[in-house]
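Have a look at the structure below, then the notes.
The values are calculated or read from the model by the stated rules, or taken from the named source; none is laboratory data. Quick caveat: nothing in here was measured; it's all calculated off a predicted structure. Quick reminder, even Gly has a Cβ in these numbers, built from the backbone with ideal geometry, and neighbours come from all protein chains shown. For accessibility, only protein heavy atoms count, side chains too; no ligands or nucleic acids. Shrake-Rupley method; radii C 1.70, N 1.55, O 1.52, S 1.80 Å.
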Amino acid sequence: MAWNSNLRWRLPLTCLLLEVAMVVLFGVYVRYDLDADTHWGTEKKRRNISSDLENEFYYRYPSFQDVHVMVFVGFGFLMTFLQRYGFSAVGFNFLLAAFGIQWALLMQGWFHHVEDRYIILGIENLINADFCVASVCVAFGAVLGKVSPVQLLIMTLLQVTLFTVNEFILLRLLEVKDAGGSMTIHTFGAYFGLTVTRILYRSNLDQTKDRQSSVYHSDLFAMIGTLFLWIYWPSFNSAISYHGDSQHRAAINTYCSLAACVLTSVAMSSALHRKGKLDMVHIQNATLAGGVAVGTAAEMMLMPYGSLIVGFFCGIFSTLGFVYLTPFLESRLQIQDTCGIHNLHGIPGILGGIVGAVTAAFASPEVYGKEGLVHSFDFQGFKEGWTTRTQGRFQVFGLLVSLAMALLGGIIVGLILRLPFWGQAADENCFDDAVYWEIPEEKSPVHIHDDPALKPGLYSPPLVPAVPTVSSIPVAASAMPLVP
Amino acid sequence: MAWNSNLRWRLPLTCLLLEVAMVVLFGVYVRYDLDADTHWGTEKKRRNISSDLENEFYYRYPSFQDVHVMVFVGFGFLMTFLQRYGFSAVGFNFLLAAFGIQWALLMQGWFHHVEDRYIILGIENLINADFCVASVCVAFGAVLGKVSPVQLLIMTLLQVTLFTVNEFILLRLLEVKDAGGSMTIHTFGAYFGLTVTRILYRSNLDQTKDRQSSVYHSDLFAMIGTLFLWIYWPSFNSAISYHGDSQHRAAINTYCSLAACVLTSVAMSSALHRKGKLDMVHIQNATLAGGVAVGTAAEMMLMPYGSLIVGFFCGIFSTLGFVYLTPFLESRLQIQDTCGIHNLHGIPGILGGIVGAVTAAFASPEVYGKEGLVHSFDFQGFKEGWTTRTQGRFQVFGLLVSLAMALLGGIIVGLILRLPFWGQAADENCFDDAVYWEIPEEKSPVHIHDDPALKPGLYSPPLVPAVPTVSSIPVAASAMPLVP
Amino acid sequence: MAWNSNLRWRLPLTCLLLEVAMVVLFGVYVRYDLDADTHWGTEKKRRNISSDLENEFYYRYPSFQDVHVMVFVGFGFLMTFLQRYGFSAVGFNFLLAAFGIQWALLMQGWFHHVEDRYIILGIENLINADFCVASVCVAFGAVLGKVSPVQLLIMTLLQVTLFTVNEFILLRLLEVKDAGGSMTIHTFGAYFGLTVTRILYRSNLDQTKDRQSSVYHSDLFAMIGTLFLWIYWPSFNSAISYHGDSQHRAAINTYCSLAACVLTSVAMSSALHRKGKLDMVHIQNATLAGGVAVGTAAEMMLMPYGSLIVGFFCGIFSTLGFVYLTPFLESRLQIQDTCGIHNLHGIPGILGGIVGAVTAAFASPEVYGKEGLVHSFDFQGFKEGWTTRTQGRFQVFGLLVSLAMALLGGIIVGLILRLPFWGQAADENCFDDAVYWEIPEEKSPVHIHDDPALKPGLYSPPLVPAVPTVSSIPVAASAMPLVP
């Protein structure tokens, strides 16, 4: 299919239109929360508190910044592993997240924070917006390399909308607990992304095989993403938990689960290689599965050993997924999952939902204390007959709803993204920054992989690889001549 | 001009002398703030507070660390975009910032924190010192690649001094509000740096054209800097605001402005390229302009949509600046602005000053509440007849003073730096780490670009670019032989 | 010696066994601290505090996250400076730290936090576990490139054990103060690591000379590690100090010491090069020595100028160490110290112990206030006759015990690691990721440095730089032909 990937006008107009819409909607709807308003002084008196520290800001700001790093540096750099797609990985992630957080502030605001017809904006909204966007970043991982920035902005617009509806159903209607978002963020994001990439299936991606792999230092760049995600995940899972012990516990559980997950990921990575060698893909991704899988249960009394067990199995399942499932999905189900999000967010997300449901169902007054149980699960007086078993059952419903929303939403969004005028790249130009970016030092007028002379085997020694920038090294190199 | 760029003795002596001076001056003048002193126990009783949390440390430390990351990782890596100047970018930034914060602690201490003839040192001083140094990092961006580390240390010494005087005039004499430093940090830093680089004008930099551009992964390294600056900017603008709602609001406004700025930067970057391709320079820089431009107003009741509007226009102006203004400044005004700081800090800084003035002038008791207005703008009783309009007018004066100080100071400092004995590099060696750094794997005794034989075209195939380290790839590669 | 470096089964079994043990031990022993338990509500009432902020979490969590970044990103990337060993540096560091923190939680728990037969887990434990692992990361720096991941896991298991015993002797029996771990972490870690590497001495490492150096961008990757270590070191040294002024003071002192250290490191680096050029190794490492050397005294009334003095001398000693001592250790004492940890952690660690002892010995009621003195050094009533001089003397004993434990422990562990079945690499494969990692783009079936045709000198100009992935650049390049 001959696509026009020239973004001039398409991208600028999309960006400007969306941003103008944001300005107008923020103008009409968004105001400061009392904690962020100059009326805080009176508010302090009203609440009868003496210290500015009781401002929500100080409870949440450090966690917020950690989450912010995860979304922009973590996801952004994690996806730079492709040898020629670093600019797009980090740049498009930046773009979609920057738009996504604004739209999420509005959407989540309308559903959860309207007061006196205005959306009330405080630090918690910022965290939730980052969470919502994290789910888009997850989905981005599935379609990485195959979509244009215009498609990404459209996808963000729609996915954020669906996310918020799903979140509303789970948190408000089903009264499900999901502080770290195993269901709302990871399961939803992963299966949404997988459905979209299925619908956008491209049958001719074989020709870009080279570019779908990494090179030595693109793998190192990706490790920057991995490590910041891993390190700050305890902040992610605890960021919007209740003050005090809930935040504290969520951080501890996540820390434990992640630590266990590293060991089993390494174990499986080595065990599944015929010479026992480790694979960077597993280290970059499977090690994080432990964070995903305690997303729901982290704030509950999962116990440290419980967290270890969750991490233990996640590392194993996730690595197995990379080795066996991803190739299967691609060859049999035509699901091209660039980053393997099914293994990092899909399976662990579902697992996390189940772990949460089980932990909730077996919560007992002996462990939680009567008061603690009521507090942890919001068992207020009005919920007559609501037991922990009911809670557990509803947690499962929440998981199923998330899956359904992801599939249904993914189909609709996928079909929209298949429309031919979003500036998509042709199959042979996928996974290549040069389509959408001015690449430094690209001196030869013909782009290197459009030039048949540079294909391996056909190469007659000219001008030797004009400028072996990183981007051109692999192809150029394998094409290098055996000097007579 | 035949300059001697050998730093032996010059650099060591400068460093040691400055550091000895620091030790002596700290010994004579600097003591701990009560919050950092073992007398805190008695202090706690005196202030009648029960909790250690009321120690200033807990209000400010997380923000401090974020700002610290911005100064050292943010600015440092942002400037690694040059293909052969990464060591210097990150290393010299490290050096000047490490010296600058010490000198800033003294200077700012003398002007703002003397108590009982001692400078009183607490967490707020550390943040302010980082702020002051950020202004030097901004100026460094203009002269990057063209000055020696000795020059940088001299510049830091003098710029920190001037910064502090300017800050004193603004904050104390004109009673201007400028929490995020649109005027004191960015406007001052940018125009100071631009004046210095104008005076250090080198007419023969064309020959280093290659080295003035980036390569693929130097651009990725630079994105590390960009993202950490972008992520932590809300901490920057809120770090020294009043406790509670001011800090909270400053963070929210900055978050909003930055998000909007990304979309318009991307839009303009694409719109201004004939094929609609994005330029990494814009993504690395213009996306940050939104943070600069809400520096003054972030803690005011700018409103979320106000922040979006500021970010919206900044992204546009900044990108336009990179495309049209920077080449103009260089060709017509002989201002060689390596990093384009005029577009990232200059224009947005001025804009930020104006936004702050307008926001202050139109502050009303309806929006702020009477109490809030007095609190936000320090309208204490003794300031009879001081209205928000007066405040707005003085904000404008502050901006003008900053510009004047920057130009005047820049001229003086520029002339001092033009003295021929600071170890400057020759024109043909600018933008090259090899002048000041032991570069790994440079095995050939002749340095590559000192060897006429290695210039493209003149090349007679010797020993082929001994070791194509990154630093030598571009030249080496284009020089590669047509194998017979 | 013909070693079998195939890790299949060795590594997976080690990992799985260790992790299963962790799960079981956590199940039997580890429970939540009251601050992280749902009983916090009752606890709050018991302690008669009104705010959730009094939860230990809010005092320590931001520091914890900073320390976490230091361990995983800081140490991990600092060690990526080797040209072909980036995967192992960052990956093995990740593995050993993830295992180490779990084991440290148990060991330190048994020694310090048992309550009612359970280990009580809270945020402080997490920080201490990270601290303990930091000491392993230090030791890892000495053996980097020469050991298998299995050896590293064994070393971690044993070193964490020894660390905890040593820590117990110092903090509990000798009642030594060592908040930033100059003695327990750095001195112990460094001399332990040096002893191990001495025992694992390999006489034939000359053939890997090339791979023991850096390349241009591996040095930039390493700077990511350096800067995050440098920036967050104030958090490291203050993370477990007493609330309030102690934490505040520790952060200030560390900040000052580190700043001074940068200047003298740069000075010495330039002074010791015959052309005055800077060496990246010094900038990456010696600049951090100031943080190590105020580890013990940071929370004491060292005074800002005292910190500057400490940093001043550390920068000098550390750089001198890199230039003169490291080669001496290798050639004369057969201590192959890959990262030069002796200069970054060894000498500064000892110095830090001494500075701490002196500062403690000369602590006076005039400076600390009577109350402050008792509080700072835990001079409770029961310690009759305990003066600051006694404290100083015991600090010295602590240092000596740490050294003794390091040497003794290092010998034992070194001997264990010398057993031939841990999957060690052969001498000629040291410092090479390809032994343990699936390396991207390694297309030639023969690994490049196993191929005699590619050895410099023997090279007959074929195939121009076979595949210039980063990993193969150096060898390939130095092998480049003199085209006829």
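Here are the numbers for this structure:
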{"read-out": "Unit Cα scatterers, Debye sum, the range C:184-342: log10 I(q)/I(0) for q = 0.09, 0.20 Å⁻¹", "value": "-0.33, -1.29"}
{"read-out": "Alpha-carbon radius of gyration plus Dmax, which is the widest Cα pair, for the range B:274-428 in Å", "value": "19.7, 62"}
{"read-out": "For the range C:10-428: rounded, prolate or oblate by the Cα gyration tensor [a/c cutoff 1.5]", "value": "oblate"}
{"read-out": "Farthest toward positive dipole pole in the range C:187-259 [+1 Lys/Arg, -1 Asp/Glu at C-beta], among C:A250, C:S235, C:Y201", "value": "C:Y201"}
{"read-out": "Neighbourhood net charge (13 Å Cβ-Cβ; Lys/Arg +1, Asp/Glu -1) for B:S402", "value": "-2"}
{"read-out": "Exceeding the 26 Å Cα-Cα cut-off - candidates A:K146/A:K275; B:K146/B:K177; A:K44/A:K177; B:K209/C:K277; A:K146/A:K277", "value": "A:K146/A:K275; B:K146/B:K177; A:K44/A:K177; A:K146/A:K277"}
{"read-out": "Neighbourhood net charge (13 Å Cβ-Cβ; Lys/Arg +1, Asp/Glu -1) for C:H68", "value": "-2"}
{"read-out": "Descending principal axes extents, the range A:264-304, alpha-carbon based, whole Å", "value": "41, 16, 10"}
{"read-out": "Axial C-alpha extent at least 18 Å, average Kyte-Doolittle at least 1.6 - helices from chain A (DSSP)", "value": "A:10-29, A:347-361"}
{"read-out": "Equivalent-ellipsoid semi-axes of the range A:54-108, from the Cα gyration tensor, Å, largest first", "value": "27, 15, 6"}
{"read-out": "Estimated inter-spin distance, B:L415 and A:E371, nm [label 7 Å along Cα→Cβ]", "value": "7.3 nm"}
{"read-out": "Label-point separation, B:N4 to A:Y201 (7 Å along Cα→Cβ), nm", "value": "7.4 nm"}
{"read-out": "Probe 1.4 Å - accessible area at C:S63, Å² to nearest ten", "value": "0 Å²"}
{"read-out": "Estimated FRET transfer efficiency when R0 is 41 angstrom, pair B:A426-B:L400 (beta carbons, to 0.05)", "value": "0.60"}
{"read-out": "Summed residue charge, Cβ within 13 Å of A:F322's Cβ, Lys/Arg positive, Asp/Glu negative", "value": "-4"}
{"read-out": "Size descriptor, Kirkwood hydrodynamic radius, that averages inverse alpha-carbon separations across the range B:75-207, Å", "value": "15.4 Å"}
{"read-out": "Per-residue [θ]222 nm for chain B (sum of -39500 (n - 2.57) over DSSP H runs n ≥ 4, rounded to 500)", "value": "-18500 deg cm²/dmol"}
{"read-out": "q = 0.09, 0.17 Å⁻¹, the range B:13-125: log10 I(q)/I(0) [Debye, one scatterer per Cα]", "value": "-0.35, -0.96"}
{"read-out": "Proportion of all alpha-carbon pairs of the protein assembly as shown beyond 60 Å (%)", "value": "9 percent"}
{"read-out": "Cβ charges +1 (Lys, Arg) and -1 (Asp, Glu), total dipole of the range B:10-428, debye", "value": "920 debye"}
{"read-out": "Estimated inter-spin distance, A:R172 and C:E115, nm [label 7 Å along Cα→Cβ]", "value": "4.0 nm"}
{"read-out": "Segment C:S50-C:V24, length gained on full extension (0.36 nm per residue, minus Cα span)", "value": "5.6 nm"}
{"read-out": "Length-normalised contact order for chain B - Cα pairs under 8 Å, 6+ apart - percent", "value": "22 percent"}
